[in-house]
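The values are calculated or read from the model by the stated rules, or taken from the named source; none is laboratory data. None of these values were measured; they are calculated from a predicted model. When we count neighbours, we look across all protein chains shown, and the Cβ atoms used for this are built from the backbone with ideal geometry, even at glycine.
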């Protein structure tokens, strides 16, 4: 017979073990693989288009690994620093750190390992390459994330500068020096940042406001944001087209790149004149495709 005076047994729910595959996926997510891959492509393409027909594959692979390590490690460390922000926003609350699928200690160790390995390899390949990659790492982690992201919407400028470093580094690794084409390639990535970041932040403006992050749409308004996106997109297409002209790429590649750039620029102008949430989201998606397509066109056009 049950004794009603006895307390009900306490059921202890143990946390479910995470499978190795899910754990690996969580660690991969820390590096934002799509974003890291796009920046990696800009660096690899910048190297390849600089040495058409004379690529040193050991340097190309080594440079790619160095960039992948430094970019992925920096991104993981950024996630550690931004975990409180991510936890407050619906868009990012599922990320490994706020979701608890990766511990802070593990994320820090993984980020430091990737970054240290990538930076060491970069310096071993070339002091100039190592300096540029290290500068990009320091600007992204120190200036953009630690110093400015929570203080001013102008932080995106420094985020853009760090984003342009892989392209600049790839060109420098190939030539052993800096030149105008390398700077234009880096500028192309820098000017891509407003279209990529501001379209996203416009879509999630309320979440950023609640998280206390000053973004352009909330500080200067949607109209000023759309004007900035349109202006940056136009300048972006001009910078990459000028790089293509200086490289004397094949006319077909130049035409394809120009058509993609013109399409994106026209959409950004339409979005400025007749704004809509659907068009804003389309711009966000197409901006990354344009950046990828432009660097592929530059590379193929320089080698045929």
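Has region 199-213 got at least one residue that is under 28 Å from residue 63 (Cβ atoms) and either buried (at least 17 other Cβ atoms within 10 Å of the Cβ) or touching a strand residue (DSSP E or B) at 6+ places or on another chain (Cβ under 9 Å) (or both)? No: zero hits. Within region 244-270, the residues that satisfy the criterion of being over 24 Å from residue 180 (Cβ atoms) and within 25 Å of the chain's Cα centre (by Cα) are 259, 263, 266, 267, 268, 269.
You will find that of 211, 205, 167, the residue that is touching a helix residue (DSSP H, G or I) at 6+ places or on another chain (Cβ under 7 Å) and under 30 Å from residue 125 (Cβ atoms) is 167 and no other.
Scanning region 43-71 for residues that are free of Cβ contacts under 8 Å to residues at least 12 places away in the same chain, in a helix (DSSP H, G or I) and over 26 Å from residue 30 (Cβ atoms) turns up 57, 58.
Among the residues making up region 271-304, those that are at pLDDT below 95, part of a helix (DSSP H, G or I) and over 22 Å from the mean Cα position of the chain (by Cα) are 271, 272, 273, 277, 278, 303. So, residue 29, is that one under 24 Å from residue 109 (Cα atoms) and at pLDDT 95 or above or not? Answer is yes for this residue.
Of the residues making up region 161-174, not a single one is modelled with pLDDT of 95 or more and surrounded by fewer than 16 Cβ atoms within 10 Å (Cβ to Cβ). Taking the condition touching a residue at least 24 places away in the same chain (Cβ under 8 Å) and either under 19 Å from the mean Cα position of the chain (by Cα) or part of a loop (DSSP other than H, G, I, E, B) (or both), does residue 92 pass? When the stated conditions are applied, residue 92 does not pass them.
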